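Contents: one structure, followed by commentary.
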Amino acid sequence: MDVIIERELGLYVHVPFCSTTCDFCAFYQERPSKKGFEAYFFALERDFNAHRDSRNFSTVFIGGGTPGLLSAQQIEKLCNLIRSAELETNCEWSVEVAPNEINSEKVDAFLNGGVNRLSLGVQTFNQQFMKELGRNHDVDSVMTAYELVRNAGFASVNLDLLFGAPGQTLDDWQDDLRKAVDLKPDHISTYCLTFEEDTALYAKLSKGEVRIDPEREASFYELAWEYLPTFGFSQYEVSNYAKPGMESLHNLNTWSMNEWIGYGPSASSQLNGVRRKNFANIEQWGRHLLLDKPQKYEEWTNLGDAEIARDAVIFGLRMNRGINLKEICGKFHLSPSIFAEINLFLDLLITEGLGEKVDGNYCLNQEGRMRCDAIAKEMPELNQEVAAV
Ligand code: SF4
């Protein structure tokens, strides 16, 4: 008889408002307006009522957009709505804020509402690169915002950094890392600038004004991998570093291919073998909710256990702890033939010098982590029909 393992459940809320659009951003966002806020909150309440689960949520993440752009009263309303769902005691509750959108009133509203982890979107401490990325804040506002949130008493503070801006050198990147470390956060996320279609940066790429340089990107990754651990920030995923015990539980839940429910326009969910995405438009997302009709989604994919397990391997390999194949096969009820197929693939990575087996877990080494996107593409599709039910 199959053992049913209850998966952790995360809650994500998308707050889709931004006062300006950063040059690299492909996220769904809208300019703030009274009408937009009203429509958003009206539909969000219904979204919460319509999508529930028998399990308690173990993590909450409020992302965007710019959640810090909400007023203190709106933050209170949002937090009340989230607390109307069943949350685990000591639930990790994160929010992303932009440095120029936060003040003490809003910080208090987040803290009193239940938020215990705050992520500050610094991106860079270099004024010139900030301008080139189309960021709407300056270095002084980063320092002021950090001091405010650090002293407010959040259990954990994260800094988001972006590297690979046009013209940025390795020295510039080390300078950003050093300034981040000096602030003594609990967690640092580092993201490589990507050129997404329909962004201002992509237009520059198309015109030949900027170019992609994979070798330069690799050297930026390597610098962070070597530099941050010397200051006590352990790397636990390709782009994420934490002081001991301060890893983001919400992200770990997602990368382990557990389950989550996303609320708000453009939010994605993974639940009961379905991956779905809400419409990336307040009106379209809200329409069916307001009419109390069955909800429609922008994307809907039925996934078998083997498909989700494949993603658990791909995302698991991005984590330094790697994956325990026996655990994954048990969790997703995979047949011995699928186990053998994945095992063969992982053994091949070791033979190619890209990984190793540590305490029963398959892990990538530095060379493997550098090539994790290519490894993901090489991972064989798993035949769902041979998965045990
Ligand atoms: S603040 Fe965030 S969501 Fe808004 S435009 Fe900039 S990167 Fe995109």
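Worth pointing out:
- The stretch between ASP171 and GLU45, if pulled fully straight at 0.36 nm per residue, gains 40.6 nm over its current Cα-Cα span.
- Selection among LEU290, PHE27, GLY63 by position relative to the dipole of the chain gives LEU290 as farthest towards the positive end (Cβ unit charges, Cα centre).
- Rounded to whole numbers, the Karplus 3J(HN,Hα) couplings from phi for the stretch 274-287 are 10, 10, 9, 10, 5, 4, 8, 6, 4, 5, 5, 5, x, 3 Hz, using 6.51 cos²θ - 1.76 cosθ + 1.60 with θ = phi - 60°, and x at Gly and Pro.
- Among the GluC sites (Glu not before Pro) within the stretch 1-75, those in coil by DSSP and having at most 14 neighbouring Cβ atoms inside 10 Å are GLU6.
- Proximal lysines relative to LYS131, as straight alpha-carbon distance under 28 Å, when same-chain residues fewer than 8 apart are discounted: LYS106, LYS179, LYS184, LYS204, LYS207
- On the beta carbon distance between GLU105 and GLN284, with R0 = 56 Å, the FRET formula returns roughly 0.95.
- Sparse-neighbourhood loop sites, trypsin sites (Lys or Arg not before Pro) in the stretch 36-136 - DSSP loop, at most 15 other Cβ within 10 angstrom: ARG52, ARG55
- Stretching THR144 away from ALA218 to a fully extended chain increases their span by 23.4 nm, per 0.36 nm per residue minus the current alpha-carbon distance.
- Pairwise centroid distance, computed over Cα atoms, of the stretch 25-78 with the stretch 223-281, Å: 19
- Legend note: in the chain, cysteines whose Cβ sits 4.7 Å or more from every other cysteine Cβ are CYS18, CYS79, CYS91, CYS192, CYS329, CYS363, CYS372.
- Distance between the modelled labels on ASN324 and ALA200, one decimal in nanometres: 4.8 nm (7 Å Cα→Cβ projection).
- Within the stretch 184-242, trypsin sites (Lys or Arg not before Pro) in DSSP loop having at most 10 other beta-carbon neighbours inside 10 Å: LYS207, ARG211
- Only helical runs count toward this figure. For the chain, summing -39,500 (n - 2.57) over DSSP H runs of n ≥ 4 and dividing by all residues gives -12000 deg cm²/dmol at 222 nm.
- For LYS326, the lysines whose Cα falls under 18 Å of its own Cα, not counting residues fewer than eight places away in the same chain, are LYS357.
- Placing unit charges on each Cβ (+1 for Lys and Arg, -1 for Asp and Glu) gives the chain a dipole about its Cα centre, and among ALA200, SER268, ASN240 the Cα reaching farthest toward its positive end belongs to SER268.
- Nearest-0.05 FRET efficiency for ALA155 and SER33, computed from C-beta distance (R0 45 Å): 0.85
- Estimated dipole of the chain in Debye, rounded to 20 [Cβ of Lys and Arg +1, of Asp and Glu -1, Cα centre]: 840
- Reach of LYS296 by Cα under 18 Å, taken over lysines that are not fewer than 8 positions away in the same chain: LYS277
- 15 Å beta-carbon shell around ASN281, net charge (K/R +1, D/E -1): -1
- For the peptides 309-322, 290-303, the ranking by packing is 309-322, 290-303, with the highest mean count of neighbouring Cβ atoms within 10 Å listed first.
- Our estimate of slack between TYR191 and GLU381, defined as 0.36 nm per intervening residue step minus the Cα-Cα distance, is 65.6 nm.
- If you plug the beta carbon distance of ASN56 and LEU271 into 1/(1 + (r/R0)^6) with R0 = 25 Å, you get a FRET efficiency near 0.95.
- Normalised contact order of the chain, rounded percent, pairs of Cα under 8 Å and 6 or more residues apart: 16
Taken together, the values in this text are just the output of simple stated rules run on the coordinates, not laboratory data. For clarity, every value in this text was computed on a predicted model and none was experimentally measured. All Cβ positions, even for glycine, are placed from backbone atoms using ideal geometry, and neighbour counts span all protein chains on display.
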